[in-house]
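Here's the structure, in structure tokens; my notes come after.
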Amino acid sequence: RLFEEVQAKTADLSESLQQQIATADVLKVISRSAFDLQAVLTTLVRSALNLCNAPIGTFFLREGDVLRLATQVGCTPELVQYFHDNPIPLNQNSGAGRAFSTGRVVHFPDVLADPDYRLSEVQRLGEYRSLLAVPLLREQETIGVFSLSRTRAEPFSQRQIDLVQTFADQAVIAIENTRLFNETREALEQQKASADILNVISNSVAETQPAFQEILRSIARLFGSEENYIFLVGEDALLHFGAGSGPRVEQARALLPVPLDATVTMGAIRERRLVSSANVFDDPELPSVARERYRRLGENYSMAIAPMLWKDGAIGSIMVARKSMEPFSEKECNLLRTFADQAVIAIQNARMFEQVQLRTKELTQSLDDLRTAQDRLVQTEKLASLGQLTAGIAHEIKNPLNFVNNFSALSAELIDELDETLAPAPLDQKMRTDVGELTQMLKSNLEKVVQHGKRADSIVKNMLLHSREGSGEQRSADINALLDESLNLAYHGARAEKPEFNITLRRDLDPDAGTINVFPQEIARAFINLISNGFYAASKRKAGNGEADFEPVLSAATKNLGNHIEIRIRDNGTGIPPEVKDKIFNPFFTTKPAGEGTGLGLSMSHDIIVKQHGGSIDVETEPGLFTEFKILLPRTGQR
């Protein structure tokens, strides 16, 4: 008797030791694979089957209104497929369903002999007789079932049932750890995705496509979706393609734009809520036109559309589609709404940036106009002051200058009369020679006085011309006729001054140049100054280099630029040295020898073109080869 008691006690201790070792092994697996739920559940099943001497073990977890197989050991492939195709309902028609519904352990020593057990296809495929089903409880809520079965009719002992309950509690811990880990990981992934999107938005304020593409990449990664689109509502009441990712992007692009009223987006916008469907082909809540459009895209899928709203207006929508045809969870819907809000931020940023740019451009133009007006006002004041100055000069200098010029000429005539008077006088040869030299020297000096007096008179006249703000009235004039007339006047003027002067004139006048609103006399004066400078440079090159085959050429061209007209005057003369180029428009600056230029021609031309007419004048030159003045005049003219 004592021996039998010792043997029984030893067996009991051995079984307890095995259970403790198995429990310790399971806890090690849980600690080492805290976030690999499949590994933990498989270890629990194997340990329970070994300790309870059972060949079949399963874990079922709740998914919606059914229990789905999470892991199994010992099930035939046919039984596994049956569980996959036929999830267990949450009712008492099965052992697992009853354990889940009641929240209590269900034990059938022999399912064939138990009147409360309803035989099913599961029992036939599994060929089990004894069944133990233990609910997985988390805070009084059943989340799944741990089930063991034997192919022979042999009840499970209370110790075995307690052990399976212990393993069930450990499974709940593992499931909860995995759930918390997954939620934390998903939250981190979502935060990182949001941060990445906001970073792209901040770095691409002027455009929306970079933000759209980053949003679509994040959606595809977090939702596991194959088709993702961003649609935009246009001012034409049509839904337009904004961006997309997936194999059917071009097909979707080809179907758009479409009337907004015939889209799911319109329903989402009208109700201001996210719209989802697990079957886009047959969902009666979707517009028939939209269902037909989805069928034309081909494969069926589940879909969610979040409206993009700004204040009381609609901007567009974000669409997510996946082939799994599973309903979208509330967490996924909230995340999609966040992405829609971020897309709205990107669109509004781009719109505000465009508005700011436009406003900045308008303000810049206004500032430029104001500065131009100020420049013109300053120029007008300068011209007025210069006009007063030159009027004073004309009054104070003109009369004395005329007196000098007139009396110099008269004195030269008197010297001739003196020579005639002294001719019959009885003077020796030496005296007559000395007198002749003196009178000739006086006459030469007087000629120089006359020459420089005329130069001074010319300077005064040019100052008077330069000080005038305008001449005549502003009116519409044919620019080609104006330029052609200026060419002729300048040419004949040069021929009248130097009969030997000759140059080839080339005209390339755009017949579409048309008319321009200008002060014709002033513009003609500017043209003549530029043309005359070209004549001078070409003639100087011909005289200076002695090239026998060199032909002086001056070309004039016009070109219609819409709101502006371009005029080019080009000569093949001596060109302008770099150190002189920046000074050519300065008043009184000239490179001509004394007596040949006043330095006011180009300065006056610049003021007429830029300050009086609001145009521009630039010069391109190559020393020894050419000089070309490029003039740009607004067609409407300015003053």
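The values are calculated or read from the model by the stated rules, or taken from the named source; none is laboratory data. Just so we're clear, the structure is a prediction, and the values are computed from it rather than from any experiment. Quick reminder, even Gly has a Cβ in these numbers, built from the backbone with ideal geometry, and neighbours come from all protein chains shown. Keep in mind that these areas ignore ligands, DNA and RNA; they rest on the heavy atoms of the full protein, side chains included. Shrake-Rupley method; radii C 1.70, N 1.55, O 1.52, S 1.80 Å.
State, as an integer percentage, the relative contact order of the chain based on alpha-carbon contacts under 8 Å between residues 6 or more apart.
It rounds to 7 percent for the chain.
Convex hull over the Cα atoms of region 64-189, averaged projected area in nm²?
So the Cα hull casts an average projection of 8.5 nm².
Computed FRET efficiency, Cβ-Cβ of residue 506 and residue 579, R0 35 Å: what is it to the nearest 0.05?
0.70
Calculate, in nm to one decimal, what residue 221 and residue 441 gain on full extension: separation in residues at 0.36 nm each, minus their alpha carbon distance.
Taking residue 221 through residue 441 to full extension adds about 68.7 nm, to one decimal.
Once Rh is set to the Kirkwood radius over Cα pairs, what Stokes-Einstein translational diffusion coefficient, in µm²/s, holds for region 287-326 at a temperature of 4 °C and a viscosity of 1.567 mPa s?
Estimated diffusion coefficient is 111 µm²/s.
For residue 280, which sequence-distant residues (separation of 5 or more, or a different chain) have an amide H within less than 5 Å of its own amide H, given hydrogens modelled in the peptide plane?
Amide H neighbours of residue 280, under 5 Å, 5+ apart: 301.
At 18 Å minimum axial length over the Cα atoms and a Kyte-Doolittle cut of 0.0, report the qualifying DSSP H helices in the chain, or say none.
37-52, 209-223, 399-422
Per the Debye formula with a single identical scatterer at each Cα and no solvent contribution, what log10 I(q)/I(0) holds for the chain at q = 0.05, 0.06, 0.12 Å⁻¹?
Each listed q maps to, in turn, -0.57, -0.65, -1.18.
If I take R0 = 51 Å and measure r between the Cβ atoms of residue 457 and residue 361 in this structure, what FRET efficiency does the formula 1/(1 + (r/R0)^6) give, to the nearest 0.05?
0.50
Gain in length, residue 619 to residue 162, computed as 0.36 nm per residue apart minus the alpha-carbon separation, to one decimal in nm?
Extending this stretch completely gives an extra 154.4 nm.
Measure off, as a whole percent, the carbon and sulfur share of the 1.4 Å-probe accessible area of the chain, all protein chains present.
Carbon and sulfur atoms account for 53 percent of the accessible area of the chain.
Taking H placed 1.01 Å from N in the peptide plane, check which residues at least 5 places from residue 626 or on another chain put their amide H under 5 Å from its amide H.
Excluding prolines and chain starts, which carry no amide H, the hits are 575.
Could you work out how far apart the two model spin labels at residue 207 and residue 188 are, taking each label as a point 7 Å from the Cα in the direction of the beta carbon, and quote it in nm?
3.4
Expected output is a single nm value to one decimal: the length gained when fully extending between residue 141 and residue 289, i.e. 0.36 nm times separation in residues minus the C-alpha distance. What is it?
Answer, rounded to one decimal: 48.9 nm.
Please work out the average accessible area per residue across the chain, using the 1.4 Å probe convention, and give it in Å².
54
So which of 454/542; 448/540; 192/331; 498/559; 454/611 end up more than 21 Å apart by C-alpha?
Result: 454/542; 448/540; 498/559; 454/611 exceed 21 Å.
Across all directions of projection, what mean area in square nanometres is found for the Cα convex hull of region 202-304?
One quarter of the hull surface, i.e. the mean projection, equals 7.2 nm².
Please pull out the direction-averaged projected area of region 395-440, using the convex hull of its alpha-carbon atoms, in nm² to one decimal place.
For region 395-440, averaging the hull's shadow over all directions gives 3.5 nm².
What aspartates and glutamates sit close enough to residue 430 to cross-link, taking a C-alpha to C-alpha distance under 16 Å and skipping anything fewer than 8 places away on the same chain?
Answer for residue 430, where 16 Å is the Cα cut-off: 419, listed by chain and number.
Go through 162-171, 349-358, 330-339 and give me the packing order, highest mean Cβ count within 10 Å leading.
Per-residue Cβ counts within 10 Å, averaged per peptide and sorted highest first, yield 162-171, 330-339, 349-358.
Which order, highest average first, do 551-561, 507-517, 566-576 follow once you tally other Cβ atoms within 10 Å for each residue and take the mean per peptide?
The densest-packed peptide leads the list: 566-576, 551-561, 507-517.
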